[in-house]
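Asker: One structure, as structure tokens, below. Some questions next.
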Amino acid sequence: MKNELLFGSFLLCASPGLAMFLLGPSSLVQALGIVIIALAALMMPFGLLARGGIAKFAWVILGLVLFVLILASGYIPLAAGFSLGFDLSLTQIVSLSVVLVEIGIVFSMMFGNYKAYSTELKKAGYDEEEFHSELRSFDRFLILLGIAAAGISFGIYFLFSILPAIGIDALTGLVIATVIYFVIARYVLSQRKTPKTIAGTT
């Protein structure tokens, strides 16, 4: 399960970069796509070799994608007289890929937790097969909750997109939906026990 979480984090976080690289209208956009893919790729060796988590890479990717969207459309390009040349379809694809990056962040956090739990439980002398089975069940539960939270965020984004009368543009709706998603996801993850607490229970 640990390796699946790591690989899933990479694929989800690399998705906007892949869209920008394949569909980008200019070499600058394609270069930004390569940067995002490279950041996502760093998660693989770092996750396997380092003791720290990989969530920091996913957060950086999310910030970069949102920054690219701000430069691609809205008031800043209009005022500066400069844009990245995104057409409507590419803007929508990259905007929707933000949801995938959100899920990738949750996957990356789960990966770090899995490593920490495994280390502490192994030190405490628990049967490896048993606690790995329990951790897999716990992670599957969190994945379902993460997908549900992403679905709510996704629905809110579309609500803001199709109801212009409420006076909120699609990009602002995306930001609001992202915040709501992380409020939900953070609450779920905050309910977990620490590895030492789990190891100390009987």
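Asker: Could you list, ordered by first residue, the pairs with Cβ atoms under 6 Å in which the first is in region 134-147 and closer than 17 Å to ILE103 by Cβ and the second is part of a helix (DSSP H, G or I) and at pLDDT 75 or above, at least 6 apart or interchain?
Answerer: Here the result reads ASP139/MET110; LEU142/MET110; GLY146/ILE103; GLY146/VAL106, each pair linking region 134-147 to a residue that is part of a helix (DSSP H, G or I) and at pLDDT 75 or above.
Asker: Moving on. Looking only at region 24-43, filter to residues that are modelled with pLDDT under 90 and assigned to a helix (DSSP H, G or I); which one of those is surrounded by the most Cβ atoms within 10 Å (Cβ to Cβ)?
Answerer: Among those that are modelled with pLDDT under 90 and assigned to a helix (DSSP H, G or I), it is VAL29.
Asker: Of the residues LEU135, LEU189, which is of a type in the set (A, V, I, L, M, F, W, C), modelled with pLDDT under 65 and part of a helix (DSSP H, G or I)?
Answerer: Result of the check over LEU135, LEU189: LEU189.
Asker: On to the next question. What do you reckon, is PHE111 surrounded by 12 or more Cβ atoms within 10 Å (Cβ to Cβ) and either modelled with pLDDT of 70 or more or not in a helix (DSSP H, G or I) (or both)?
Answerer: Spelling it out, PHE111 is indeed surrounded by 12 or more Cβ atoms within 10 Å (Cβ to Cβ) and either modelled with pLDDT of 70 or more or not in a helix (DSSP H, G or I) (or both).
Residue-wise test of (1) buried (at least 20 other Cβ atoms within 10 Å of the Cβ); (2) of a type in the set (Asp, Glu); (3) under 25 Å from LEU142 (Cα atoms); (4) modelled with pLDDT of 85 or more.
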{"residue": "PRO45", "(1), (2), (3), (4)": "no, no, yes, yes"}
{"residue": "ALA55", "(1), (2), (3), (4)": "yes, no, yes, yes"}
{"residue": "VAL60", "(1), (2), (3), (4)": "no, no, yes, yes"}
{"residue": "LEU71", "(1), (2), (3), (4)": "no, no, no, no"}
{"residue": "VAL98", "(1), (2), (3), (4)": "yes, no, yes, yes"}
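Asker: In the list ALA170, ALA149, ALA124, which residue meets the criterion of being out of contact with any Asp or Glu (no Cβ under 9 Å at 6 or more places or on another chain) and either under 14 Å from MET1 (Cβ atoms) or at pLDDT 70 or above (or both)?
Answerer: Criteria check complete, one pass: ALA124.
The values are calculated or read from the model by the stated rules, or taken from the named source; none is laboratory data. These numbers were taken from a predicted model, which means no experiment stands behind them. Heads up, the Cβs are rebuilt from the backbone with ideal geometry, glycines too, and the neighbour counts pull from every protein chain shown.
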